[in-house]
Structure formats: C-alpha cells, structure tokens
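Each remark here refers to the structure printed beneath this line.
The values are calculated or read from the model by the stated rules, or taken from the named source; none is laboratory data. Keep in mind that this is a model prediction, so the values were computed, not measured. Here the Cβ positions follow ideal geometry from the backbone for every residue, glycine too, while neighbour counts run over all protein chains shown.
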Amino acid sequence: MSAQETPVPTIWTTGWTTVFDTGTWRSQLPVHTWRPAPCFVSCPLGNEIPLWIRSITGGSEEDYKAAWEKVVENDPFPAVIGRVCHHPCETECNRQALEQSVAINSLEQYLGDLALEKGWTLPPAGAAQGKKVAVVGGGPAGLSCAYQLRRFGYDVTIYEARDAVGGLLKFGIPEYRLPQAVTDAEVKRVLDMGIEVKTGEAIDTGEKLEALRSSYDAVFLAVGAQKAKRLPYLGDDARILIGLDFLEAVRRGQTPTLGDKVAVIGGGSAAMDVARTLRRLGKAVQLIALEGRNELPAQEEEVVEALEEGVSLFDGAMVASLDTSKPLMELSCKKVVLDKEALAKGEIKPIPLEGSDFKLEAHQVIVTIGQDPALDGLEKAVAVESGMIKTNGGPAASLPGVFAGGDVATMDRYVSRAIGQGKEAARAIAAYLGHPEIAPLPAYTLDDAVARNEINPFYFPIAPREEREHTAVAERLGSFADVKIGYREGQALAEADRCMSCGTCVECDNCYVFCPDMAVKKAPEKEEYYAVLEQYCKGCGLCAAECPRGCIIMKQESK
Ligand SMILES: Cc1cc2nc3c(=O)[nH]c(=O)nc-3n(C[C@H](O)[C@H](O)[C@H](O)COP(=O)(O)OP(=O)(O)OC[C@H]3O[C@@H](n4cnc5c(N)ncnc54)[C@H](O)[C@@H]3O)c2cc1C
Ligand code: SF4
Ligand code: SF4
C-alpha cells in the first residue's frame with residue numbers, strides 16, 4: 001500500500017502519517033527564537049537581566065552565586081549600581097502590563113551585597129596577551145574598562161589624578177546613598193585582578209598623553225567632567241560654594257563651617273545630594289531650581305526623599321541677584337517657566353513671570369548646576385567637540401590608539417552609562433590590538449524587543465512587587481546611614497519569580513502541548529530545545545499565541 005493510500009485512522013492517535021501532511025496549507029511558519037527583553041535593551045551597560053534573574057529563582061546559594069557571576073560579566077559593581085542606578089530597565093519592564101515592573105535594581109543590590117558578605121571573587125584575568133594599556137581616570141568608566149581588559153589578558157595601569165580611585169562613586173555621591181565601604185570593597189575586588197594604580201598622576205597635557213601613547217599599546221581617557229559650572233553674576237563672595245567641592249569635602253571628613261540657613265541652586269542629582277547632605281548636618285535648606293517639580297532632572301525618588309527629609313523646594317524659580325552686604329545674604333528670586341522651543345533643542349531658557357518676585361535669606365549659597373570636562377590641556381592633542389572628547393560614535397578618539405568614555409565623552413551622565421562605555425571601550429581596544437574573536441556587541445533597540453502585547457498574561461498570576469525598605473526619616477536625618485535597606489530573607493526569591501523571562505524560552509512546553517497538529521517536537525539537542533515539523537505545521541499560530549513570553553515568531557512564507 002502506498003503512502004497516499006494510508007487510511008485515515010478512525011481513533012485518536014499520536015502517530016504521524018503522511019495523510020496529515022497539513023504543512024502544505026501553511027503560509028507562515030513558527031520559529032522558536034531568543035529575543036531581547038525590553039529591560040535588557042534599555043540597560044546602558046548591557047545587563048542580561050532575564051538570564052540572571054532566572055538563576056535566582058533556583059533559590060540556593062549556588063543559584064545566587066551563578067546569578068551574580070552572570071551580572072559581573074557586564075558590571076563588576078552590582079552593590080554600587082544596586083543603590084545608584086536610575087534603572088531605565090524598570091521603566092521599560094513588560095511586567096507593568098500586569099501590575100508593576102520587576103524590581104531589577106533591588107535584586108542587583110541583593111546579589112551585590114551577598115557577594116561582598118560571602119567574599120565571592122571575580123573571574124580570573126585572561127591569558128597574558130603581552131600588551132599593555134593605560135587607563136586615565138579611575139572612576140566607574142576607567143575601572144570598568146580596566147576590569148574587562150584584564151579579563152582579556154591585557155596589562156593595565158590606571159593613572160588617577162586624586163589620591164585614590166573611585167571617581168564620583170568615592171568623592172561625589174554621598175555616604176547615605178552609597179556607603180564608602182561598599183564602593184571600596186567592589187573597587188578593591190577589581191584591582192585585585194592585577195591592575196596597577198598610579199595615584200596623584202594627572203594626565204592633563206598633550207605632552208603627557210603623548211608620553212603614554214609611546215609607552216603603552218593603547219590609552220583610554222576616562223577623566224570625567226571635573227569643571228563645575230558657575231554663576232558669575234552672583235559675584236565671588238567666599239560664602240558662595242560649589243556643590244562638588246562641598247560633597248568631596250564632606251566625603252573626606254573636612255566639612256566646611258556653615259551657618260544655619262543654606263540655599264542650594266540646581267535641580268539635578270548632585271543638587272539633591274548637596275541639599276540632603278546639608279539636612280543631615282542640621283541645616284535649613286532652600287533648594288532653588290529652574291525646572292518645575294515634574295521636570296526636575298534628578299531621579300524622582302531622590303526628589304521625594306529630599307522633600308521627606310525637609311528640604312524646602314522652590315521649583316520653577318531663579319536667583320536673579322544676590323546681596324552679599326549682610327551676614328545673612330539676601331537672594332532676590334523670580335518664578336520662571338522654561339521656554340519650550342529652547343528645551344526641545346536641549347537648551348535651558350528661563351522666562352521670568354511678571355510680579356512673581358520673592359526673597360530668600362541664606363548664610364551660604366551652594367551652586368550645583370552641573371559640570372563640564374576639564375580639557376584645556378588635553379585638547380591640544382585630541383579633538384574636542386561640544387566640550388567633550390570627540391569620538392567616532394563608538395569609543396575611538398581622534399588619535400590612533402586613543403579611546404574615550406564616561407562623562408568626558410557623553411552627556412548621558414550616569415554610572416551605568418560610564419560602566420557600559422568602559423566595557424565597550426575595552427572591547428574596541430582589544431579589537432584594535434588584534435585580540436581574536438572580538439565581535440561587535442549587537443545594538444538592539446526597543447523595536448527589536450518583546451513588546452507588552454506579545455506577553456500572554458494568562459500564565460502570570462498577579463503578584464505585587466517586593467519593595468526594599470527605606471531607613472526611617474528621623475534616623476536618616478540623624479546620621480549618614482544607607483537609605484536603601486536591602487531585601488530581607490526570601491524577598492529576592494519572591495521578586496525574581498515575578499520576572500516573565502521575556503524573549504527567553506524556559507522550556508515550559510506550552511507550544512508542544514497546544515499544537516493541534518502535534519507539529520512541535522522536543523529537540524533537546526537543539527539550542528532552541530524545540531523543532532517544528534514542517535510537513536505537519538499548518539501555520540495556525542496557536543503556539544506563538546500560547547507562548548507566555550514572546551519566544552516564537554511567525555515567519556511569512558512565500559511558495
Ligand atoms: C553628586 C553626584 C551624584 C550623582 N549621582 C548619580 C546617581 O545617583 N546615579 C547615577 O547613575 N549617576 C550619578 N551621577 C553621575 C555619575 O556619578 C557619573 O556619570 C559617573 O561617575 C561618571 O563616571 P566617569 O568614570 O566618567 O567619571 P568620574 O566618576 O568623574 O571619574 C573620573 C576620574 O578621573 C580622574 N581624573 C580627572 N582628571 C584626570 C586627569 N587629568 N588625569 C588622571 N585622572 C583624572 C578623577 O579624579 C576621577 O577619579 C552623579 C554625579 C554627581 C556629581
Ligand atoms: S544597571 Fe541600571 S539599567 Fe542596568 S539592569 Fe541595573 S538597574 Fe537596570
Ligand atoms: S518581566 Fe523580566 S524579562 Fe520581562 S521586561 Fe521585566 S524584568 Fe525584563
């Protein structure tokens with residue numbers, strides 16, 4: 001009997017016969033595939049979030065360690081980033097389609113703190129490549145680059161102008177948001193990979209840069225943005241201070257003597273840090289920002305916490321002039337709105353509102369309105385554009401063998417961006433030095449990512465987000481205690497369970513079970529784990545609809 005003559009079985013069977021060759025009906029074929037999750041795409045340092053969160057769900061210490069090891073592939077500072085990242089990953093998290101985003105940043109803090117407690121070590125340095133790289137600046141960008149270069153096996157020397165590395169993590173962001181002990185421990189772990197550090201070595205002239213170029217195979221410039229912006233029209237009275245200088249002095253235990261009433265000018269993260277530090281020193285603080293309450297460049301949680309701590313916010317306001325003739329200086333202020341057209345071009349143009357004048361008094365005024373890179377010496381050697389080191393769109397600067405990243409090369413000034421750019425620069429340097437197998441990192445966008453409407457909510461029960469506790473306001477004001485208390489026992493596990501692993505197949509078998517034609521076969525030998533039997537699949541798309549996490553795409557076929 002030929003295949004065509006095989007009778008149709010009269011009872012249900014799991015056997016296959018060519019009579020059911022329904023594949024010919026098809027106009028589209030399901031393809032099991034890994035797809036980027038939106039959290040991953042929006043993380044500035046390329047954190048493979050669904051991957052390591054899935055490891056946490058195992059629940060044992062070994063599982064947590066495996067998760068941490070995945071995190072440090074991209075970021076050697078999870079305890080730091082778990083406290084200070086502005087977490088754009090959470091803004092894009094698909095879980096918001098159900099209730100709230102997954103608390104990715106809290107999970108990072110949990111893993112980072114656990115690693116420090118358990119003394120877990122970073123992966124060892126790679127096999128020696130016999131080439132050496134100079135990293136200029138020991139902030140997060142420089143340290144991240146040095147770390148990745150050591151993993152590739154390059155010898156690295158960090159040239160740091162200050163007396164210690166750490167950059168703004170150590171001398172900018174205050175203790176109550178980022179304990180010194182956490183930064184020091186994570187930095188030490190990186191340096192212990194065999195990185196040489198030369199402190200008190202400012203590379204701030206073209207000649208010094210040329211000297212490095214002739215003694216090293218490549219140079220990475222990560223000198224940050226060190227030149228504070230000022231408001232010259234306020235005058236140069238000694239009671240006008242600069243926010244970054246103030247924060248560094250407090251970090252070093254050299255807090256300047258201040259009166260009871262202090263005015264802070266600025267609306268970004270640094271201004272919030274100055275204001276909140278002053279509150280911890282017992283000062284009455286008036287924070288004056290050009291932007292309205294909902295336009296402030298600081299992270300929302302920082303603004304909320306500053307207000308909780310008693311900072312008086314004068315938003316949508318500017319200081320027009322300062323009378324320094326009295327012990328208590330007088331600030332003449334006006335309410336303003338920001339010109340929308342200028343704002344669209346990235347410019348800040350305040351328009352004063354008539355009849356809105358008001359006065360404030362302060363013993364000191366601390367100006368904290370941002371900073372620019374200090375490139376007066378280096379710009380004779382490398383090209384500078386818009387006040388930053390000019391790069392080729394990636395990390396390469398204008399001189400062969402010279403690369404740049406972090407605040408000195410971008411306006412996107414975040415710790416996560418600095419770490420990400422350090423990583424990218426290390427890869428570019430390794431490729432420049434002829435390192436084998438350095439493929440460029442894929443540049444995914446949110447258009448490539450699994451969208452919220454591709455998630456099947458039926459498979460994910462509603463589960464409220466686990467919030468980490470915050471230190472009570474009274475305790476905060478009396479000390480510099482860490483504001484973000486990490487997760488308690490069990491919270492990390494519960495939170496990890498909320499992640500839907502968008503775009504990453506977890507072998508749940510839905511496609512296998514739901515296919516009416518039994519055209520999906522388990523194929524453990526394949527990376528995708530499933531295979532579609534093309535002769536039977538009629539392209540109905542049920543598997544894709546029932547995949548909880550968007551791992552099956554329907555590929556159009558033309559016959
Ligand atoms: C007060 C404050 C709070 C902030 N809070 C946050 C936050 O909560 N979250 C967040 O994501 N971002 C925050 N940021 C931004 C973030 O800190 C920076 O984007 C990040 O530190 C940039 O890293 P970097 O390595 O490029 O520069 P930096 O951290 O500035 O490090 C540069 C390093 O280079 C050294 N250096 C400078 N010049 C030379 C030279 N010529 N030769 C040798 N060494 C040199 C410096 O001493 C320093 O160690 C904050 C910034 C400030 C100012
Ligand atoms: S580094 Fe920031 S953006 Fe990236 S995963 Fe962590 S919290 Fe999210
Ligand atoms: S549910 Fe998980 S994988 Fe999906 S976007 Fe949120 S954190 Fe990422």
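Remarks
- Yes/no for GLN96 being polar (S, T, N, Q), surrounded by fewer than 19 Cβ atoms within 10 Å (Cβ to Cβ) and touching a residue at least 24 places away in the same chain (Cβ under 8 Å): yes
- Residue match in region 225-233 (condition: touching a residue at least 24 places away in the same chain (Cβ under 8 Å), under 30 Å from TYR432 (Cα atoms) and under 33 Å from the mean Cα position of the chain (by Cα)): yes
- Positions within region 499-515 being part of a loop (DSSP other than H, G, I, E, B), more than 16 Å from ligand 2 (Cβ to nearest atom) and in contact with a Cys (Cβ under 7 Å, 6 or more places away or on another chain), in sequence order: CYS505, CYS515
- Here LEU231, LEU178 are screened, and the one residue that is more than 16 Å from ligand 2 (Cβ to nearest atom) and either at pLDDT 95 or above or touching a strand residue (DSSP E or B) at 6+ places or on another chain (Cβ under 8 Å) (or both) is LEU231.
- From the list THR121, THR57, the one residue that fits, being of a type in the set (S, T, N, Q), in contact (Cβ under 8 Å) with a residue 24 or more places away in the chain, surrounded by fewer than 16 Cβ atoms within 10 Å (Cβ to Cβ) and more than 23 Å from ALA443 (Cα to Cα), is THR121.
- For region 515-536, the count of residues that are touching a helix residue (DSSP H, G or I) at 6+ places or on another chain (Cβ under 7 Å) and aromatic (Phe, Trp, Tyr) is nonzero.
- Which numbered condition GLY420 misses (of (1) closer than 30 Å to ARG95 by Cα; (2) part of a loop (DSSP other than H, G, I, E, B)): (2)
- A count restricted to region 300-345 and to residues that are in a loop (DSSP other than H, G, I, E, B), in contact with a helix residue (DSSP H, G or I) (Cβ under 7 Å, 6 or more places away or on another chain) and of a type in the set (D, E, K, R) stands at 2.
- Any hit, region 536-543, residues being within 24 Å of PRO36 (Cβ to Cβ) and either among the acidic types (Asp, Glu) or in a loop (DSSP other than H, G, I, E, B) (or both): yes
- Test for LEU287: is it touching a Lys or Arg at 6+ places or on another chain (Cβ under 9 Å), within 30 Å of THR471 (Cα to Cα) and modelled with pLDDT of 95 or more: no
- Residue tally, condition within 13 Å of ligand 1 (Cβ to nearest atom), crowded, with 21+ Cβ neighbours inside 10 Å and over 30 Å from the mean Cα position of the chain (by Cα), over region 355-380: 0
- Candidate set from region 346-366 (those that are part of a strand (DSSP E or B) and of a type in the set (A, V, I, L, M)); member that is farthest from ALA249 (Cα to Cα): ILE351
- Positions within region 168-198 being within 12 Å of ligand 1 (Cβ to nearest atom) and free of Cβ contacts under 8 Å to residues at least 40 places away in the same chain, in sequence order: none
- Those helices (runs of 4 or more DSSP H) of region 75-191 in which at least 2 residues are small (Gly, Ala, Ser), considering only elements entirely within it, cover 78-84, 104-118, 140-152, 180-191.
- Comparison of GLY253, GLY259, GLY224, GLY266 shows that the only residue that is touching a Ser or Thr at 6+ places or on another chain (Cβ under 8 Å) and either closer than 29 Å to VAL384 by Cα or more than 16 Å from ligand 2 (Cβ to nearest atom) (or both) is GLY266.
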